[in-house]
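Written below as structure tokens is the structure these notes are about.
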Amino acid sequence: IVIPIGQTLTKTTSGNEFWVLGNGGTLVIQGTFNKSGPGALLMDRYSVNCTGILNINQGNMFHTYSGGTNTFNGANITIASGSFYGPNGGTSTFTNCNVSGGGSFGDTGNRTITSGNVITANMNVSGGTHTINQDISPASYTISNGTLNGTGNIAPVGDLTMSAGTISNTGNWMVGGS
């Protein structure tokens, strides 16, 4: 699926909806993808290449592909309060992205936050290896499993919660954003 620059695809879900691509494929977002409705959109065997706009206006959105590679370069991702966005499985790389909104951003795969990103949404680490190589100030940061690596300073504006997992990050932790 390709959403070209200047085009918009809106997906509204009322319950859990599955998009399954048998042999794997890629959702290319150059334009705008809007996820609306209270249900979850679960995209199985999809990789994502996003240079455009991804809005999670309501409900949750996940894409899973254990062998997939997700690339976000210059993407604008907005996650509404009460919503969740998670590229689960595979490897996700974020460069020069803006991740905002009152919702939560997390995954169980391997995620790398490289450089130039502005992340103000809540972040959740619930599995996999997360490498943060730049300074970030999310609204909150929760680790319930997985490993956190990297060199970036992490300064959640709100709460920092850890119930399980491993921290190998060499950057500083500044709770309360200070």
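Brief remarks follow.
- Tally of residues being open to solvent by less than 10 Å² (accessible area, probe 1.4 Å) and on the phi > 0 side of the Ramachandran plot across the stretch 24-58: 1
- Residue match in the stretch 1-15 (condition: open to solvent by 10 Å² or more (accessible area, probe 1.4 Å) and either within 14 Å of the chain's Cα centre (by Cα) or closer than 18 Å to Ser100 by Cα (or both)): no
- Residues that are polar (S, T, N, Q) and either buried (at least 19 other Cβ atoms within 10 Å of the Cβ) or in contact with a Leu (Cβ under 9 Å, 6 or more places away or on another chain) (or both) were ranked within the stretch 135-148; the one that is farthest from Thr78 (Cα to Cα) is Thr142.
- Scanning the stretch 110-126 for residues that are within 19 Å of Met43 (Cα to Cα) and either open to solvent by less than 10 Å² (accessible area, probe 1.4 Å) or without any contact (Cβ under 8 Å) to a residue 12 or more places away in the chain (or both) turns up just one, Arg111.
- Verdict on Leu21 being open to solvent by 50 Å² or more (accessible area, probe 1.4 Å) and at pLDDT below 95: yes
- The single condition among (1) at pLDDT below 90; (2) open to solvent by 10 Å² or more (accessible area, probe 1.4 Å) that Asp107 does not meet is (2).
- Residue pairs whose Cβ atoms lie under 6 Å apart, sitting 6 or more positions apart in sequence or on different chains, and linking a residue in the stretch 23-35 that is in a loop (DSSP other than H, G, I, E, B) to a partner that is among the small types (Gly, Ala, Ser) and surrounded by fewer than 16 Cβ atoms within 10 Å (Cβ to Cβ), are Gly31/Gly6.
- Counted residues, the stretch 60-78 - those being at pLDDT 95 or above and either part of a loop (DSSP other than H, G, I, E, B) or crowded, with 17+ Cβ neighbours inside 10 Å (or both): 5
The values are calculated or read from the model by the stated rules, or taken from the named source; none is laboratory data. Keep in mind that this is a model prediction, so the values were computed, not measured. Methodologically, a virtual Cβ is constructed for each residue, glycine included, from the backbone with ideal geometry; neighbour enumeration extends over all protein chains shown. To get the accessible areas, we keep the full protein, side chains included, count just its heavy atoms, and leave off ligands, DNA and RNA. Shrake-Rupley method; radii C 1.70, N 1.55, O 1.52, S 1.80 Å.
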